[in-house]
Amino acid sequence: MRDDVLHLFHYTSLLAPLAVPDHMRYGAVCGASNNYISTMGGRKMWAWVLGTVLVGVAPFMAAAVTGNVQAPTAPGDAKALLTQGDAYLYGEGVPRDGRKALECYRQAAETDADGLTCLGHLYFHGDEGVRPNYTEALKWYEKAAAAGKVEAVHRLGKMYSRGLGTVANQEKAFQWFLQAADMGDDYARMEIAFRCFVGNGTPIDRERCLKYARELNASTHDEKLKLLSSLLMAECLALQGDSVGAFKALGKTGSVLVLGAFYVVAAAGMSVFAAIYLFVAWRKRRKYAAGEAVSPGVVDALAGFFVFAVMSSLFGVLVVLDARLMLLLAVLGGLASILFWGVVFRARGQRTRQVVPMTPLALNKSWKYLLSALCVIFVFDMLYQLVLGAFGVSLDNQLLATFLPKPGASAAAFVGALLCGGVLAPFCEEFIFRGIVYRGLATRIPDWGAAMGSSLLFSVLHMELKFMLPIFVMGLLMCWAYRKSGSLLAPVAIHALNNLIALSLIMAGVET
């Protein structure tokens, strides 16, 4: 028995390195032991097994006493550290803890470039216990890029483009995107093709644009990228006078032709509808007394949504001509729909201000509506993001933010975006959805029903699934402010302030 105890301690000491998290030493000991085990007697064999169990279980017993039941991770075992960091970051089997995730990524980064990229992501987005730090994110992305990580290279292009953690520099952004594109990043190829087409960070070069668009179209399996690259190819070929090639480029994706056919039919239908509506309005015209309050009807409410949606879409599709004008073109669609309703009201013998009250606001009476609505919008957005974050869903900026001027653009571009998105767009949308749709529905159904119906149409028009609920709540608040103040200028002011704040933050490079 004494020999068995000696053997137990002997083999335990041989296997003691197992208690130290070093997998290479573990493999060496086990490999050397295999041959020795075959020469053991039965009792020696059991002593070796018992020693192994004791040494293997000891760390878990200590962890149970200290309250940490997680198995130790070997230094240098980068893949295990990255997995552990992801578990803390996303709350997979353990409570979410950004600081522990950060520590795991730091250890992994010592031996694995993926850890460098993960550190960049964590500092870029922030998490529980870790605040966003663009300067740190830039530093780790640069280290990961030096190690050949294409995702980090692409992120550097975005950060230099938007001025995050550094001064905006479109030329440097172009070089980073170019490097990522040459490493096989499809989205970087799309970025390079688009920048060559419009001259952002590089001189306009349609030949280069066509080259990258063709390469992308031939290699990618992403339908969205196929569509965009086909459009760029068609535009470049059309500008070169190759109409046959342009048509073939469009034919590479049937969705483009279907979309074009839809807008042609929609434009024709819109023209016929407008003509009929104006004719009926003229036939049923009647004079109203000066100052008489007149409300649109429920038919006007439905027609208002239809006209606004179609006109905005028809103008917005012209983004193919120049993506930088998307916001302006969409606003022009809204202004065109307002002009349409002005003609309808005139044909009926009404004045626009009779139908849609726009009396000046008295700040001493209306400030509480403006402040209350803005506070509710802000608080609801924060809660909405927290709830989505709890389910692992991130709330990025709306699609329109893609077409906003980036840091480093001209002052005229920023002023134009703020004017269109922060003043004209809110006025157009409030005129239609509160002035026409909400008041029109309220003539036939209860006020709460009219508010919900108009707000639902308002959220649907934005065509952003993740944002439908916040936009719906925002629409309800606009109806409330309109009803309380009696003037369309109240919801316009709330909408404009909300948009101006959001646009300023996005164009300054701040995630919202």
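The values are calculated or read from the model by the stated rules, or taken from the named source; none is laboratory data. Values in this document were obtained by computation on a predicted structure and should not be read as measured data. FYI the Cβ positions are ideal-geometry reconstructions off the backbone, even for glycines, and counts take in every protein chain you see. The area values use the complete protein model at the heavy-atom level, side chains included, leaving out ligands, DNA and RNA. Shrake-Rupley method; radii C 1.70, N 1.55, O 1.52, S 1.80 Å.
General observations
- Test: residue in the range 230-239 that is touching a Ser or Thr at 6+ places or on another chain (Cβ under 9 Å) and under 30 Å from residue 138 (Cα atoms): no
- Condition met for residue 166 (closer than 23 Å to residue 126 by Cβ and surrounded by fewer than 24 Cβ atoms within 10 Å (Cβ to Cβ)): yes
- Residue match in the range 412-429 (condition: under 30 Å from residue 170 (Cα atoms), part of a helix (DSSP H, G or I) and more than 25 Å from the chain's Cα centre (by Cα)): yes
- Residue list for the range 371-391, filter: at pLDDT below 85 and surrounded by 11 or more Cβ atoms within 10 Å (Cβ to Cβ): 385, 388, 389
- For the range 449-472, the criterion of a residue being of a type in the set (Asp, Glu), in contact with a Leu (Cβ under 9 Å, 6 or more places away or on another chain) and at pLDDT 80 or above is satisfied by no position.
- Of the criteria (1) within 18 Å of residue 410 (Cβ to Cβ); (2) open to solvent by less than 40 Å² (accessible area, probe 1.4 Å), which one residue 145 fails: (1)
- Residues in the range 446-458 that are of a type in the set (A, V, I, L, M, F, W, C) and either touching a strand residue (DSSP E or B) at 6+ places or on another chain (Cβ under 6 Å) or open to solvent by 70 Å² or more (accessible area, probe 1.4 Å) (or both) were compared, and the one that is farthest from residue 310 (Cα to Cα) is 448.
- Residue pairs meeting the criteria (Cβ under 8 Å; at least 6 apart or on separate chains; first under 10 Å from residue 130 (Cβ atoms), in the range 91-104; second among the acidic types (Asp, Glu)): 97/128; 98/127; 98/128; 99/128; 101/86; 101/127
- Pairs linking a residue in the range 212-230 that is within 11 Å of residue 189 (Cα to Cα) and open to solvent by 70 Å² or more (accessible area, probe 1.4 Å) to a residue that is at pLDDT 80 or above and outside any loop (DSSP other than H, G, I, E, B), with Cβ atoms under 7 Å and 6 or more positions apart or on different chains, are 214/233; 215/189.
- Looking at 382, 358, just one residue is under 38 Å from the mean Cα position of the chain (by Cα) and over 23 Å from residue 435 (Cα atoms), and that residue is 382.
Conditions (1) outside any helix (DSSP H, G or I); (2) in contact with a Phe, Trp or Tyr (Cβ under 6 Å, 6 or more places away or on another chain); (3) within 30 Å of residue 133 (Cβ to Cβ), marked per residue:
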{"residue": "453", "(1), (2), (3)": "no, no, no"}
{"residue": "459", "(1), (2), (3)": "no, yes, no"}
{"residue": "467", "(1), (2), (3)": "no, no, yes"}
{"residue": "476", "(1), (2), (3)": "no, no, no"}
{"residue": "503", "(1), (2), (3)": "no, no, yes"}
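- Number of positions in the range 181-217 that are at pLDDT below 85 and among the β-branched types (Val, Ile, Thr): 1
- Residue check for residue 257: modelled with pLDDT under 80, assigned to a helix (DSSP H, G or I), surrounded by fewer than 16 Cβ atoms within 10 Å (Cβ to Cβ) and not β-branched (Val, Ile, Thr): yes
Residues checked against (1) part of a helix (DSSP H, G or I); (2) open to solvent by 70 Å² or more (accessible area, probe 1.4 Å); (3) at pLDDT 80 or above:
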{"site": "295", "(1), (2), (3)": "no, no, no"}
{"site": "303", "(1), (2), (3)": "yes, no, yes"}
{"site": "316", "(1), (2), (3)": "yes, no, no"}
{"site": "324", "(1), (2), (3)": "yes, yes, no"}
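- The sole residue among 171, 151 that is over 18 Å from residue 123 (Cα atoms), charged (D, E, K, R), modelled with pLDDT of 90 or more and not in a loop (DSSP other than H, G, I, E, B) is 171.
Results for (1) among the charged types (D, E, K, R); (2) under 21 Å from the mean Cα position of the chain (by Cα); (3) under 19 Å from residue 371 (Cα atoms), shown as yes or no for each residue.
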position	(1), (2), (3)
464	yes, yes, no
468	no, yes, no
483	yes, no, yes
486	no, no, yes
489	no, no, yes
493	no, no, yes
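- Residues of the range 348-363 that are modelled with pLDDT of 80 or more and either in contact with a strand residue (DSSP E or B) (Cβ under 9 Å, 6 or more places away or on another chain) or open to solvent by less than 70 Å² (accessible area, probe 1.4 Å) (or both): 352, 355, 356, 357, 358.
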